[in-house]
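Worksheet: one structure, shown below.
The values are calculated or read from the model by the stated rules, or taken from the named source; none is laboratory data. Here the structure is a predicted model, which is why all the values come from computation and not from measurement. We place every Cβ from the backbone using ideal geometry, glycine too, and count neighbours over all the protein chains shown.
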């Protein structure tokens, strides 16, 4: 049996979590949500992530993503700050992962990452001011720092020249934009489901892209 069949595991876990979110089933979501990242870690390990430096950094990023998922199971501001910190470290690990793959200005389509970043900045422009009004510098500064790091992650993803990595990072950023705008700026219809679908798809595409590039 081919090792790639392991992808069935995170796919099933993600579908279960999306179903729980759609039904507003918090009792299921509280364990299904972190289970998706656990299954992605298992998938990456089975497919040989530890064989390359990029793969090792990928695992570090996924582990911190898992920590962030657990922190964000609560809506409290302290847990939100903890989640921001965990994902910030995870994105730094992704930057190291993508740098290990090699950053290049070729192909020319990689420069489209600048356009994607500009769009993300426009969409989320009200987030930092809103967090400052809500929690002062103790909230707005971490959010601003996180924004800088995820922006760097996005650009590095595009400059790997790996399409799956670039698309995955873009979808991941879209998930973050949905979360931050919905929570701090204005309500977005079906935001919770949209952000979970884009988050899981983005993470999975990054994993697939890094493993394919590293192999």
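Restricting 139, 121, 117 to those that are out of contact with any helix residue (DSSP H, G or I) (no Cβ under 7 Å at 6 or more places or on another chain) and either touching a residue at least 60 places away in the same chain (Cβ under 8 Å) or part of a helix (DSSP H, G or I) (or both) reduces the list to 121.
Of all residues in the stretch 97-114, count the ones that are surrounded by fewer than 18 Cβ atoms within 10 Å (Cβ to Cβ) and part of a helix (DSSP H, G or I). Talk me through it step by step, then tell me what you get.
Step one: list which residues in the stretch 97-114 are surrounded by fewer than 18 Cβ atoms within 10 Å (Cβ to Cβ), which gives 99, 102-109, 111-112, 114.
Within this subset, residues satisfying the condition of being part of a helix (DSSP H, G or I) are 99, 108-109, 111-112, 114.
Counting residues in the stretch 97-114 that are surrounded by fewer than 18 Cβ atoms within 10 Å (Cβ to Cβ) and part of a helix (DSSP H, G or I) gives 6.
Going through (1) buried (at least 19 other Cβ atoms within 10 Å of the Cβ); (2) closer than 20 Å to residue 14 by Cα one by one, residue 86 falls short only on (2).
Under 19 Å from residue 202 (Cβ atoms), touching a residue at least 24 places away in the same chain (Cβ under 8 Å) and over 18 Å from the mean Cα position of the chain (by Cα): does that describe residue 110? Spelling it out, residue 110 is indeed under 19 Å from residue 202 (Cβ atoms), touching a residue at least 24 places away in the same chain (Cβ under 8 Å) and over 18 Å from the mean Cα position of the chain (by Cα). Of all residues in the stretch 70-84, one or more are under 22 Å from residue 205 (Cα atoms), out of contact with any strand residue (DSSP E or B) (no Cβ under 9 Å at 6 or more places or on another chain), in contact (Cβ under 8 Å) with a residue 24 or more places away in the chain and assigned to a helix (DSSP H, G or I).
Scanning the stretch 42-66 for residues that are free of Cβ contacts under 8 Å to residues at least 60 places away in the same chain, crowded, with 18+ Cβ neighbours inside 10 Å and farther than 18 Å from residue 95 by Cα yields a total of 0.
When the stretch 151-175 is filtered for residues that are outside any loop (DSSP other than H, G, I, E, B) and either touching a residue at least 60 places away in the same chain (Cβ under 8 Å) or at positive phi (or both), the ones remaining, listed by number, are 152, 153, 156, 157, 165, 169. Which numbered condition trips up residue 194, out of (1) surrounded by fewer than 20 Cβ atoms within 10 Å (Cβ to Cβ); (2) modelled with pLDDT under 95; (3) assigned to a helix (DSSP H, G or I)? Evaluating residue 194 over (1) surrounded by fewer than 20 Cβ atoms within 10 Å (Cβ to Cβ); (2) modelled with pLDDT under 95; (3) assigned to a helix (DSSP H, G or I) leaves (2) as the failure.
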